[in-house]
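Below: one structure, written as structure tokens.
The values are calculated or read from the model by the stated rules, or taken from the named source; none is laboratory data. From a predicted model like this one, the values you see are computed outputs, not experimental measurements. Neighbour counts are summed over all protein chains in view; Cβ atoms, including those assigned to glycine, are modelled from backbone coordinates with ideal geometry. Remember, those area values only see protein heavy atoms, side chains included, never the ligands or the DNA or RNA. Shrake-Rupley method; radii C 1.70, N 1.55, O 1.52, S 1.80 Å.
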Amino acid sequence: MTSSVTRQLALLLCLLASFATQSQVILGVSKAQADFEVGCMYPLTGPSALWGNDAVVALEMALEEIHALPGAPKMRVYVADTMGKQFRSREIATNFVDQGVDVLCGVVNSNIALEVSLLAKQHQILFLGAGHSSARLTQDERHPWYFHLNNDASQSSDAGARYLRDVKPELDWRTISYIGPDYEYGHQIWQTMMASLAQHGVDYQIKDEFYSLLGETDYRLYIEALLADPPDVLISGHWTRDLVSFLEQAARAGLLEQTHFVNFDTGGGYFVLSRLGDTLPEGVVLSGRSHLNWPQTARNHSYVAAFFERTKRFPTFIAQDAYTVMKVLDAAWRQAEPQSLLGLRQALPGLRVSLPEDPQGFQSYIDPKTHKIMQYQAIGKTKHTTGFAPATRMLGDWYTYPPAHSK
């Protein structure tokens, strides 16, 4: 092959790569028909592609439901591929702003969400966070243009602290160890858990804290240290693939029989359950932002069935986070006075909206002060289950907790 042909081939490959990375999914109505446009950021390729693909399916489901009803806003939604990369996500958000998109949404990684939130504040554009867990965005980094539409680390920790308080007489536990990833999310889970335990008057002693390095996959040293002197309760701050790896290794080593393992934030999501199968013992205490088998309501059954019909697989919690964005925008637009972008933003504080993860008689609502959505948190134990393959364990024996400041 000549050098000229080689250069041309290399150029072609670069152009194709550039086209692939710049591609995006467009949902909803045409630009001319749209009342407003939404720019969502999710990983569509790379190791985290499942999250973005689930989000796209859920966004499309919600849009079809909304646009079929009279009086609904007509929305055009762009979903750009972040590939889970911080610089690329910042570039996409900036491009959305320059493009004139009216609302930003999504983002799985908390550190990326913090950057997008600052951009939204700078340009005074609405950002509906859906997929990340950082509580900082509604605490010290709070501003009028950001709303958080899934339970965050502080909310899951609060429910977890209430659970540990409630089972204390039965389990007679006293000591706690913590293990999580050594970046903001992992540290925040532990900080918020300690604050919640103190708030609920739970008496305990800390035995150990362990933080695994980013990308670490071998947890033998941590497991050996925990086995040498097991705590009564082991709180986990790992999530998705890291949690799967840790639980696989902990189960083989017998650690799960020596301590009460709990993960209150995302460990009970279908991603983890589907990848562990029979490796996961029964009786492990987990929770998540949404569940396939709770609540047992027609709305949740319908949502799960509709997603499965389209994909032949069950949805992860990222799907319902994205679905929530569309349902919130629909509800806010209907209540907006006037029906404009300003009216839309003003309708969000205090907004109530019915979602698949709401138990009977409860509506999710947006706290006017913090701008975070307030929802139930359901904590359960793993049990052998059929009908959710490839998962062979689902959660049951539920403890359910309303939001801490429920109205």
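Once the C-beta distance of Gln199 and Asp397 is scaled by a Förster radius of 30 Å, the resulting FRET efficiency is 0.75 to the nearest 0.05.
For the chain, with all protein chains in place and a probe radius of 1.4 Å, 52% of the accessible heavy-atom surface sits on carbon or sulfur. Among the listed values (1) 164; (2) 254; (3) 150, the one matching volume of the Cα convex hull per residue in Å³ as calculated from this structure is (1). Rounded to whole numbers, the Karplus 3J(HN,Hα) couplings from phi for the range 272-280 are 5, 4, 6, 8, 9, x, 6, 5, 7 Hz, using 6.51 cos²θ - 1.76 cosθ + 1.60 with θ = phi - 60°, and x at Gly and Pro.
Computed from backbone phi, the HN-Hα couplings of the range 339-350 come to 7, 9, 5, 5, x, 4, 5, 5, 7, 6, x, x Hz, rounded to whole numbers (Karplus: 6.51 cos²θ - 1.76 cosθ + 1.60, θ = phi - 60°; Gly and Pro given as x).
Maximal additional length on extending the Arg165-Gln335 stretch stands at 57.2 nm, based on 0.36 nm per residue less the C-alpha distance.
Is the range 211-341 best put as rounded, prolate or oblate by its Cα gyration tensor, with a ≥ b ≥ c the root eigenvalues, rounded for a/c under 1.5, and otherwise prolate when a/b is larger than b/c, oblate when not? It is prolate, given that a/c is not under 1.5 and a/b is the larger ratio. Computed from backbone phi with θ = phi - 60° and the Karplus coefficients 6.51, -1.76 and 1.60, the 3J(HN,Hα) list for the range 45-55 is 9, x, x, 9, 4, 4, 4, x, 5, 5, 4 Hz; x is used for glycine and proline. Annotation: amide H-H contacts under 5 Å for Thr45 (H modelled 1.01 Å from N, sequence separation of 5 or more, or interchain): Met83.
With protein chains left intact and a 1.4 Å probe, residues in the chain average 42 Å² of accessible area per residue. Of all DSSP beta bridges confined to the range 23-157, the antiparallel ones make up roughly 20%.
Amide H contacts of Met374 (H built 1.01 Å from N, in plane; Pro and chain starts excluded): Tyr365, Ile366, Asp367 sit under 5 Å, all sequence-distant by 5 or more or on other chains. For the chain, the antiparallel share of DSSP beta bridges with both residues in that region comes to about 35%. Largest mean-square fluctuation among Asp172, Asp203, Asp182, in a Gaussian network model of the chain whose springs join Cα atoms under 10 Å apart, belongs to Asp172. Database remark: amide H of Thr385 closer than 5 angstrom to the amide H of Arg393, Met394 (H placed geometrically; neighbours at sequence offset of 5 or more, or on other chains; Pro and chain starts carry no H). Here the label points at Leu342 and Glu224, each 7 Å from Cα along the C-beta direction, are separated by 6.6 nm in the simple model. Simple spin-label estimate for Phe87 and Leu214 gives 1.4 nm between the two label positions (7 Å along the Cα-to-Cβ direction from each Cα).
Relative to the longest principal axis of the Cα atoms of the chain, helix 184-199 runs at roughly 60 degrees. Protection proxy ranking, highest mean first, for peptides 215-226, 368-379: 368-379, 215-226, where packing is the per-residue count of other beta-carbon atoms within 10 Å, averaged.
Between the alpha-carbon centres of the range 23-44 and the range 275-313 there is a gap of 28 Å. Under a Gaussian network description of the chain, with springs only between Cα atoms under 10 Å, the residue in Gln99, Gln335, Gln24 that fluctuates furthest is Gln99.
Each label point was placed 7 Å from the Cα along the Cα-to-Cβ direction; for Gln258 and Leu118 their separation is 4.3 nm.
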